[in-house]
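Beneath this line is the structure, given in structure tokens, with notes to follow.
Only the coordinates and a few stated rules stand behind these numbers; no lab work does. Note that the coordinates shown come from a computational prediction; the quantities given were computed from them, not determined experimentally. Every residue, glycine as well, gets a Cβ built from its backbone with ideal geometry; the counts of neighbours run over all protein chains shown.
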6 protein chains.
Amino acid sequence: MDKWLTSLKTNTPQEGFELAIKLSQMGVQYTQPSEAIRNRLRPKYSRNANSLINVSQVIAINFHTVAAANDYWK
Amino acid sequence: MDKWLTSLKTNTPQEGFELAIKLSQMGVQYTQPSEAIRNRLRPKYSRNANSLINVSQVIAINFHTVAAANDYWK
Amino acid sequence: MDKWLTSLKTNTPQEGFELAIKLSQMGVQYTQPSEAIRNRLRPKYSRNANSLINVSQVIAINFHTVAAANDYWK
Amino acid sequence: MDKWLTSLKTNTPQEGFELAIKLSQMGVQYTQPSEAIRNRLRPKYSRNANSLINVSQVIAINFHTVAAANDYWK
Amino acid sequence: MDKWLTSLKTNTPQEGFELAIKLSQMGVQYTQPSEAIRNRLRPKYSRNANSLINVSQVIAINFHTVAAANDYWK
Amino acid sequence: MDKWLTSLKTNTPQEGFELAIKLSQMGVQYTQPSEAIRNRLRPKYSRNANSLINVSQVIAINFHTVAAANDYWK
């Protein structure tokens, strides 16, 4: 796979949150590399409350890692 | 997206908990940007015990991050 | 919302565990503010083993935060 | 509730694991105080693989807290 | 129960991962002590993708604890 | 099992993420050693949004461990 992650450092907490989203998406992408299949799944999970809550949980876990890497932007 | 997160610092633990709720909601909002769709989902998950427990779990994970960022308001 | 959380400090680990329960409940309460609806859900999830296990998981995550805030009551 | 948790310190990692089990059970017990109801649920979840895996997850989270409290018994 | 856990220290990360698997299994074993019942459950969950993913999650949580106990084998 | 994990150190965060994927897969592989069975399960979970989200969650937990082991590649 191409380079997509060179650092966990971000300038702001918001950029860190967006990096956490990227990490969450990449966990899916490595497991299902086909963009066509992922796109077919999107309408369903993005309209399902429980799926969205679970996505938010994965983001939360990754955000914890990114925040720690940035010393919580103290 | 507009700026919505400039710091993980809060004055009190309660404000930190409320920031954790905001982070949990934003994880959903980035994944489903349509406010109309999110509003349609709300009546269902907010009356489902298991969904509410899962929401509380995402908040708990984000609260851990926010609490660490504030040195637990020691 | 009224003030309900002014500190993560507790005198004993048990009080810390009970604070973790409170935090878990508040995650639900912020998401479903209606006490009437929450009371209707209670008989169901409190008699469902998987729901109870999930509640215990949320408490465990919050307890980790509270324990760290108290330096594990060392 | 009576005193049931006065310290997170244990003599050995195994006692720490057993304390993590106790914490996981207490999360359930605070939520469903009726011993009769809990006993009725037990035969079902203790014979369901997914429930058992979830129980093991709650124990793992609590064990992390207990291990940290004991400085990993180093 | 007999002694099965005297230390979280391992010589290598791989042995640490295998200890994490042991901890995950013991979480199940304490909850369902009957080996006969556990053996009956195995064919089902070990052929169910979602169960296997959940098992891997419990191992991941325990591995985090074991890795921290070993200072990440630095 | 053959040696597959000698260090949690990686040169870059991306290699660390890929190690987290490997750890997540190995959690499954230890539990279901048959490659034939795992291959039969793959088409199903890799086309199921909720399964993919759960896989991404396991990766996130393992990535947290790997990132800590590398001092977040600071």
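Taking label points 7 Å from Cα along the Cα-to-Cβ direction, A:Asp71 and F:Trp4 give a separation of 3.8 nm. Springs between Cα atoms under 10 Å define the GNM used for chain A, and in it the highest mean-square fluctuation of A:Leu52, A:Leu23, A:Leu41 occurs at A:Leu41. Per-residue ellipticity at 222 nm from helix content only, as computed over chain E with -39500 (n - 2.57) for each DSSP H run of at least four residues, stands at -23000 deg cm²/dmol.
Of interest is the spacing of the C-alpha centroids, which for segment D:30-52 and segment A:7-74 amounts to 34 Å.
Inter-copy label distances at E:Lys74, shortest first and taken from points set 7 Å along Cα to Cβ: 0.9, 1.0, 1.6, 1.6, 1.9 nm.
Sorted shortest first, the separations between the C:Asn39 label point and its copies elsewhere in the assembly read 3.0, 3.0, 5.2, 5.2, 6.0 nm; each point sits 7 Å from Cα along the Cα-to-Cβ line. If R0 equals 25 Å, the separation of the Cβ atoms of B:Arg47 and A:Arg42 corresponds to a calculated FRET efficiency of about 0.45.
Phi angles of segment A:16-28 translate, via the Karplus equation with coefficients 6.51, -1.76, 1.60 and θ = phi - 60°, into HN-Hα couplings of x, 5, 5, 5, 4, 5, 4, 4, 5, 5, 5, x, 6 Hz per residue; Gly and Pro are given as x. Straight-line cross-link reach from F:Lys44 at under 21 Å between alpha-carbon atoms covers these lysines, not counting any fewer than eight positions away in the same chain: A:Lys44, E:Lys44, F:Lys22. Here the label points at F:Ser34 and D:Glu15, each 7 Å from Cα along the C-beta direction, are separated by 4.4 nm in the simple model. When the Gaussian network model of chain F links Cα atoms closer than 10 Å, the mean-square fluctuations of F:Ile21, F:Ile37, F:Ile61 top out at F:Ile37. Here the Karplus relation 6.51 cos²θ - 1.76 cosθ + 1.60, evaluated at θ = phi - 60°, turns the backbone of segment A:45-52 into coupling constants of 6, 7, 10, 10, 4, 5, 5, 5 Hz, with x for every Gly and Pro. Across peptide F:66-72, the average count of Cβ atoms from other chains found within 10 Å of a residue's Cβ is 6.
Remark: segment B:2-9, residue by residue, has Karplus-estimated 3J(HN,Hα) of 4, 5, 9, 9, 9, 7, 9, 6 Hz, where x stands for each Gly or Pro and the curve is 6.51 cos²θ - 1.76 cosθ + 1.60 at θ = phi - 60°. Ranked by how many other Cβ atoms sit within 10 Å of their own Cβ, fewest first, the residues D:Glu35, C:Glu18 fall in the order D:Glu35, C:Glu18. Comparing mean-square fluctuations of E:Ser46, E:Ser24, E:Ser56 from a GNM of chain E with C-alpha springs under 10 Å, the top value falls on E:Ser46. The Kirkwood hydrodynamic radius of chain C, based on inverse pair distances between different Cα atoms, is 13.3 Å.
Treating the Cα atoms of the protein assembly as shown as identical point scatterers in vacuum, please give the log10 of the normalised Debye intensity I(q)/I(0) at q = 0.11, 0.12 Å⁻¹, two decimals. Ignoring solvent entirely, the Cα scatterers give -0.84, -1.03.
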